[in-house]
Amino acid sequence: MRLFRQLSLYMALTLGANAAAAADPALLEGLREGSMKKLVVHAEPKPVSAAAFDLADGAGTATLADYHGKVVLLNFWATWCAPCRKEMPQLEELQQEFGGEDFQVLTIATGRNSPAGIQKFFDENGINSLPRHQDPKQALAREMAVIGLPITVLLDRDGNEVARLLGDAEWNSDSAKAIVQAMIGEPSGGSTASN
């Protein structure tokens, strides 16, 4: 069955159906295996919040609209969250493999997380290519219905939510990588560029 799914993905990508595949809920659902089975794929893309969040190092604010044109894996987390600590290196690996013009893992610490605490967390976990953005008043998290941590939300290039996962997952798994590849329309291998 897995071979059939992978063959189906390969055929869709090689036939130039990349853009259509990225929005096809059935394809994304078919790629979910292992811990990625927790990924809830929406039948239709949903709009996201326009609330601002704080950029790392006091560099100002941004919104999710600033990432329009990229596939975004938006991860809400906190320094005190044990599952966040477990999955953050896997998100780092995903960013290093696919990050660039087409894809971004966007990590946003929500609630009370000091910049020094975030930096310490990243240093202790070997995180070098993920952003240290914050949502200190939880405005974005509230509007995005973040009910626990971690929550990871998959956004399409139009900035709409296409899927969401509550809890931690193996973001460096073959299943997660296949989902990212399907979303960005990249047949295999990923990019070595990172943001």
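Only the coordinates and a few stated rules stand behind these numbers; no lab work does. Predicted model only: the values in this text are computed from it and were never measured. Quick reminder, even Gly has a Cβ in these numbers, built from the backbone with ideal geometry, and neighbours come from all protein chains shown.
Under 19 Å of direct C-alpha separation, and excluding same-chain neighbours fewer than eight residues apart, Lys137 reaches these aspartates and glutamates: Asp54, Asp57.
Could you tell me what percent of the DSSP beta bridges with both partners in region 39-171 are antiparallel, to the nearest 5? Could you put the intermediate results ahead of the total?
On the way: 16 of 26 bridges.
Bridges in region 39-171 that DSSP calls antiparallel: roughly 60 percent.
With q set to 0.20 Å⁻¹, the log10 of I(q)/I(0) for region 39-171, from the Debye formula over equal scatterers at the Cα positions, is -1.25.
Arranged from fewest to most other beta-carbon atoms within 10 Å of their beta carbon, Arg112, Arg157 become Arg112, Arg157.
Annotation: amide H of Glu170 within the under-5 Å range of Ser35, Met36, sequence separation 5 or more or interchain, hydrogens built in the peptide plane.
Remark: region 39-171 carries a charge dipole of roughly 500 debye about the Cα centre, counting +1 on each Lys and Arg Cβ and -1 on each Asp and Glu Cβ.
Counted residue by residue at 0.36 nm each, then reduced by the alpha carbon distance between them, the extension gain from Ala82 to Ser114 reaches 9.8 nm. Each residue of region 85-99 is assigned a 3J(HN,Hα), and the resulting list reads 4, 5, 8, 4, x, 6, 5, 4, 4, 4, 5, 5, 6, 10, x Hz, derived from the Karplus form 6.51 cos²θ - 1.76 cosθ + 1.60 (θ = phi - 60°), x at Gly and Pro.
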